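The values are calculated or read from the model by the stated rules, or taken from the named source; none is laboratory data. Remember, predicted model here, so these are calculated numbers, not experimental data. Cβ placement follows ideal geometry from the backbone for every residue including glycine, while neighbour counts extend to all protein chains displayed. For the accessible areas, the whole protein counts, side chains as well, though only heavy atoms, and no ligand, DNA or RNA atoms are used. Shrake-Rupley method; radii C 1.70, N 1.55, O 1.52, S 1.80 Å.
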Amino acid sequence: MNTPVKTIRTPGGFSVRLDPRAAAVVVTLAAAAATAAVVLIGSGDFPMSFGDVVDTLLGSGTAAQEFIVQELRLPRVLVAVLVGASLALSGAIFQSLSRNPLGSPDVIGFGQGATVGALTVIVLFEGGSLAVSGGAVAGGLLTGVLVHLLAWKRGMQGFRLVLVGIGVAAVLTAVIHFLVTKANLVDATRATLWMTGSLDGRDWAQVLPLLIMCAVLMPVVIAYGRPLRMLEMGDDAAYALGVPVERTRIVLMAAGVLFIAVATAAAGPISFVALSAPQLARRLTRSPGPNLAAAAVMGSALLLVADWAATNTFTDRRLPVGVVTGVLGGCYLLWLLITERKAGRI
């Protein structure tokens, strides 16, 4: 049963709609993500207790603890938080625009486009890490433009967007395989490691671009939250409610592509977080609409837990976090397909 939505009026004449259940879910997920972050910081070759990590973050740790936390582990955790939130927001945007739970950026080609951009720099130009990141962003943006042009026909239907995206993803996957086979042994090894999706070796240099992107794009996406919710009812209904449909769609698509492209540039192609996080958030909140805040926090929590599992499940060797999200996400995708089929939606 849905919790009634409350309207809070501010002295300045503004009003804010608050869903108590959704707010409780966001707070709970944020607490879970914070706990997972502290536990992850305390994990590793130099283990630290929960209390020691908290004390160090508050500035009361020893010199060794300060170095380990501030320089080695905290940047990795912040990258996980920001990448998870970015992937989840991108997924929530495209699932709402396509009105399809399968309309995830790693299903409809945007993740593959970023991967092709990065591999092109690695294999053909032997570029450094900064150039690889730039190639990933450029590849994601170009793929977004291509999918939009191919899916456009006097408007854009969600089903057409998904079908075109799946076709583009298939072509880009073939390009990825071609680039890997064309590379020499060193570049092929580097490309393969990058494609697994990993948070290893992440430092403050990766945190800053993600932080800037989130600081710029998140307010934009939140400001378009209501129009995005209206678009889920269809273009005609959104027009009738006064939503500038085409402008809203273009702005949100650009934001979603930037989210997935920059996240891929920072950590490699981490699969299925964009697919599963928005759907899990929607099921927890039990409220319609994209549930942007809940999706973002869910994405961060999922990636933190997956990274902890990748780091600690196999004691002899650390796994890239992309392997863990791929296994869990693949199982979730199968469950989602079965559920959608039983409901008669596919």
* For residues that are at positive phi and open to solvent by 10 Å² or more (accessible area, probe 1.4 Å), tally how many sit in segment 271-311. => 3
* Asked: What helices (runs of 4 or more DSSP H), lying completely within segment 184-235, carry at least 3 residues that are open to solvent by 70 Å² or more (accessible area, probe 1.4 Å) and in contact (Cβ under 8 Å) with a residue 24 or more places away in the chain?
  -> 204-223
* To do: Sort out which residues of segment 245-270 are open to solvent by 10 Å² or more (accessible area, probe 1.4 Å) and at pLDDT below 85, and write them in order of number.
  => 246
* **Those residues of segment 161-183 which are hydroxyl-bearing (Ser, Thr, Tyr) and either without any contact (Cβ under 8 Å) to a residue 24 or more places away in the chain or on the phi > 0 side of the Ramachandran plot (or both), in sequence order** => 181
* Only residues that are at pLDDT 90 or above, in contact with a Gly (Cβ under 7 Å, 6 or more places away or on another chain) and not polar (S, T, N, Q): list them for segment 141-174, please. => 142, 168, 169, 172
* Working only within segment 271-285, note down all residues that are of a type in the set (Ser, Thr, Tyr) and at pLDDT 90 or above. => none
* Asked: Residues 130, 141, 119: which one is more than 18 Å from the chain's Cα centre (by Cα), among the aliphatic types (A, V, I, L, M) and surrounded by fewer than 24 Cβ atoms within 10 Å (Cβ to Cβ)?
  -> 130
* residue 330 being part of a helix (DSSP H, G or I), at pLDDT 85 or above and of a type outside the set (S, T, N, Q) -> no
* To do: Considering each residue of segment 199-244, count those that are of a type in the set (Ser, Thr, Tyr) and modelled with pLDDT of 85 or more, and give that number.
  => 1
* Is it true that residue 20 is in contact with a strand residue (DSSP E or B) (Cβ under 7 Å, 6 or more places away or on another chain), open to solvent by 10 Å² or more (accessible area, probe 1.4 Å) and more than 16 Å from residue 278 (Cα to Cα)? -> yes
* **Where residue 48 falls short, out of the listed (1) more than 25 Å from residue 85 (Cα to Cα); (2) aliphatic (A, V, I, L, M); (3) open to solvent by 70 Å² or more (accessible area, probe 1.4 Å)** => (3)
